[in-house]
Amino acid sequence: MRVEYDKDTCIGMFQCVAEWDAFERDEDAGKAVLADSEETDGDLFVREVPDDAELDAKFAARACPVDAIAIYDDDGEQLIP
């Protein structure tokens, strides 16, 4: 499972931070940061989700009020927009 985080879309509500510890607050930028991720295109950050964090990652994606977080299964199918 992997997570994609669009930092440009983020509005800094930090609800993802409360749901999964891979997200951190960047108060200076007013945006969340996805730890241990790679920037792929502009402000799109991607990382694999550890097996023991899959539920937390899904909750973080669902909690985002602007859908800046997407979850994909191992086959590349989007599970959560």
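Nothing in this text is a laboratory measurement; each read-out follows from the coordinates by a stated rule. Quick caveat, the model's predicted, so the values are computed rather than measured. We place every Cβ from the backbone using ideal geometry, glycine too, and count neighbours over all the protein chains shown.
If I stretch the segment between Val66 and Arg47 completely, what's the gain in nm (0.36 nm per residue apart, minus their alpha carbon distance), one decimal? Present the calculation step by step, with values, prior to reporting the outcome.
On the way: separation 19, 0.36 × 19 = 6.84 nm, distance 1.95 nm.
Contour length minus Cα-Cα distance gives 4.9 nm.
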Item to check | Degrees separating the helix 54-63 axis from the principal Cα axis of the chain, which is the longest one | outcome: 50 degrees
Next on the checklist: For the chain, what does the helix formula give at 222 nm: sum of -39500 (n - 2.57) over DSSP H segments with n ≥ 4, over the residue count, nearest 500 deg cm²/dmol?
Outcome noted: -5000 deg cm²/dmol
Next on the checklist: Is there a quick way to get the dipole size of the chain? I mean about its Cα centre, with the Cβ of Lys and Arg at +1 and of Asp and Glu at -1; what is the value in debye to the nearest 20?
Outcome noted: 380 debye
Next on the checklist: What distance in nm lies between label points placed 7 Å from Cα along the C-beta direction at Asp73 and Ala18?
Outcome noted: 3.0 nm
Checklist entry - By what distance, in whole Å, do the Cα atoms of the chain stretch along each of the three principal axes, largest value first? => result 35, 26, 21
